[in-house]
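Presented below is the structure to which this report refers.
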Amino acid sequence: MIMSWIFCIFTGVSCICAAVTGNGSALAAAVPEGAQAGITLAVSLAGSLCLWTGIGKLLEHTGVTAALSRLTAPLLHRIFPGTGADPVLAEKLSGNICANFLGLGNAATPMGIQAVKRMAEKAAPGCASDEMCRLIVLNTASIQLIPVTVAAVRASLGCATPFDLLPAVWLTSLFSAGLGVAAAFFLGKVWGHD
């Protein structure tokens, strides 16, 4: 709802500025061009997202996510202690984190939602547990090894080397996720919920 209001305000301010500066015709020409560019981008991303979401489902059905869950268990137990008693939660968290490693936020979201729902069953009603907060932070500032979505956008816009930004992505995502999780642990200790 808030985003709808923000969009309406931006649109209104743009129309007013175009009218005041005499650029109404430029605005009128830019609207269909922007809409066409948005559709083109969405279609070009759809193939990549469908492919990787399908691969994620395939990995889940073949048991690879369960194997990844066992592989990442030591790290998951440190960040999310509740995974020790709930193997389904561990599997959903592992799948979510692995999808984020590949830069597939859209594929990671369903598993993240399922993990939060399982965590919410054990939390106080209407209150986010510290583990839920850490998961949200980790998803927001996820560590990306292969930013597939960003590379697909760059390739669709004509970039010859869409993956040349890998070192910058690795560095920034590692620092943002590390600092975010550390801050979530620190604030959890300050307010003492877990």
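The values are calculated or read from the model by the stated rules, or taken from the named source; none is laboratory data. Nothing here was measured: the structure is a model prediction, and the numbers come from that model. Cβ coordinates were reconstructed from backbone atoms using ideal geometry, including for glycine residues, and neighbour counts include every protein chain displayed. When the accessible area is computed, the model is the full protein with side chains, heavy atoms only, and any ligands, DNA or RNA have been set aside. Shrake-Rupley method; radii C 1.70, N 1.55, O 1.52, S 1.80 Å.
In a reduced charge model with +1 at each Lys and Arg Cβ and -1 at each Asp and Glu Cβ, the chain shows a dipole moment near 220 debye about its Cα centre. The structure-derived value of Cα extents along the principal axes in Å appears in the list (1) 59, 45, 30; (2) 46, 36, 32; (3) 64, 39, 29 under the label (3). Simple rule: put +1 on each Lys or Arg Cβ and -1 on each Asp or Glu Cβ in the range 1-157, find the dipole, and look at Phe80, Asn96, Leu49; the Cα lying farthest toward the positive end is Phe80. Relative to the Cα centre, the charge distribution of the range 117-194, modelled as +1 at Lys and Arg Cβ and -1 at Asp and Glu Cβ, gives a dipole magnitude of about 100 debye. With bins 10 Å wide beginning at 0, the percent of Cα pairs of the range 30-134 falling in each bin runs 14, 38, 25, 14, 7, 1. Remark: the Leu179-Trp191 segment gains 2.5 nm on full extension, using 0.36 nm per residue and subtracting the alpha carbon distance.
If you count only protein heavy atoms with a 1.4 Å probe, what accessible area per residue comes out for the chain, rounded to a whole Å²? Walk me through the numbers on the way to the answer.
On the way: 12060 Å² over 194 residues.
Accessible area per residue, the chain: 62 Å².
Residues whose amide H lies under 5 Å from that of Ser129, counting only those 5 or more places away or on a different chain, are absent; hydrogens are built 1.01 Å from N in the peptide plane.
Using 1/(1 + (r/R0)^6) with R0 = 30 angstrom and r between the beta carbons of Cys8 and Ala128, what's the FRET efficiency to the nearest 0.05?
Numbers: r = 30 Å, r/R0 = 1.00.
Using R0 = 30 Å, I get an efficiency of 0.50.
What is the percent carbon and sulfur in the accessible area of the chain, measuring with a 1.4 Å probe over the protein chains and ignoring ligands? So the carbon and sulfur contribution to the accessible surface is 75 percent. Computed over the alpha carbons of the range 1-45, Rg followed by Dmax gives 12.8, 37 Å. Using 0.36 nm per residue and subtracting the Cα-Cα separation, the extra length available between Arg78 and Ala28 on full extension is 12.5 nm. Residue ranking by accessible heavy-atom surface, 1.4 Å probe, largest first, among Cys98, Cys17 comes out as Cys17, Cys98.
I'd like to compare 113-126, 140-153: which one has the highest average count of other Cβ atoms within 10 Å, and what's the full order after that? Spell out each step's value before the answer.
On the way: 113-126: 14.5, 140-153: 18.9.
My ranking of the peptides, most packed first, is 140-153, 113-126.
In angstrom, the C-alpha Rg and Dmax of the range 122-194 are 16.6, 51.
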